[in-house]
1. In the range 54-65, what residues are assigned to a strand (DSSP E or B) and closer than 18 Å to D117 by Cα?
2. Out of the range 50-103, which residues are small (G, A, S) and either touching a Cys at 6+ places or on another chain (Cβ under 7 Å) or closer than 18 Å to I10 by Cβ (or both)?
3. Take the conditions surrounded by 11 or more Cβ atoms within 10 Å (Cβ to Cβ), more than 22 Å from R30 (Cβ to Cβ) and of a type outside the set (G, A, S) and apply them to D65. Does it pass?
4. What about V16, is it out of contact with any Lys or Arg (no Cβ under 6 Å at 6 or more places or on another chain), over 21 Å from E110 (Cα atoms), in a strand (DSSP E or B) and β-branched (V, I, T)?
5. Does T25 fit the bill of being exposed (fewer than 15 other Cβ atoms within 10 Å of the Cβ) and among the β-branched types (V, I, T)?
6. Conditions first: (1) touching an Asp or Glu at 6+ places or on another chain (Cβ under 6 Å); (2) exposed (fewer than 15 other Cβ atoms within 10 Å of the Cβ); (3) under 25 Å from D105 (Cα atoms). Q80 passes all but one, so which condition is the exception?
7. Do you know which residues across the range 66-101 are part of a loop (DSSP other than H, G, I, E, B) and within 18 Å of S19 (Cβ to Cβ)?
8. Given the structure, is L51 assigned to a loop (DSSP other than H, G, I, E, B), of a type outside the set (S, T, N, Q), in contact with a strand residue (DSSP E or B) (Cβ under 6 Å, 6 or more places away or on another chain) and surrounded by 12 or more Cβ atoms within 10 Å (Cβ to Cβ)?
Amino acid sequence: MYDRRNHQRINTKFLVNCSKRNSQTLQQERFLAYSKNISSNGIHLVVSKRLQDGERLNMSLELPDFFLPVSASGEVMWNQESFDFNNSGKPNKIYEIGVRFNYIDLKDQEKLKNFLDKRLNKKVPA
């Protein structure tokens, strides 16, 4: 399978607060996710609810080592059903999604860049 991604991904797990507009009620739905990996262009998330390709999300990324979260919006590019196992060994249905970032403001882009650079063992200017 050909990988079209041009940005190096960092495997890391952190909390992501998500919201999306319900297409039927027009209300904001809020839910939690956690990351599997991230790049400057997008993020791989694990969620407990099925999301469709093309759905738009608002996200608050709780990056390790940063006091304030990074706010981003993006679009679900792919999704797949998976399973996770709880402490009793029973499988829980989960969903993995790939989200392409559509918007991150300049201040938060810089925070994300610093986070990624540190994880890639690059020197970050003081």
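1. L61
2. Restricting attention to the range 50-103, the residues satisfying the condition of being small (G, A, S) are 54, 60, 71-74, 82, 88-89, 98.
Of everything in the range 50-103, those that are small (G, A, S) and either touching a Cys at 6+ places or on another chain (Cβ under 7 Å) or closer than 18 Å to I10 by Cβ (or both) turn out to be A72, G74, G98.
3. No, not satisfied.
4. It is false that V16 is out of contact with any Lys or Arg (no Cβ under 6 Å at 6 or more places or on another chain), over 21 Å from E110 (Cα atoms), in a strand (DSSP E or B) and β-branched (V, I, T).
5. Yes; evaluated as a whole, the condition is true for this residue.
6. Answer for Q80: the failing condition is (3).
7. L68, P69
8. Judged against the criteria, L51 is a match.
Each reported figure results from applying straightforward, stated rules to the coordinates on display, with no laboratory input. The structure presented is a predicted model; accordingly, all values stated were derived computationally and were not measured. Every residue, glycine as well, gets a Cβ built from its backbone with ideal geometry; the counts of neighbours run over all protein chains shown.
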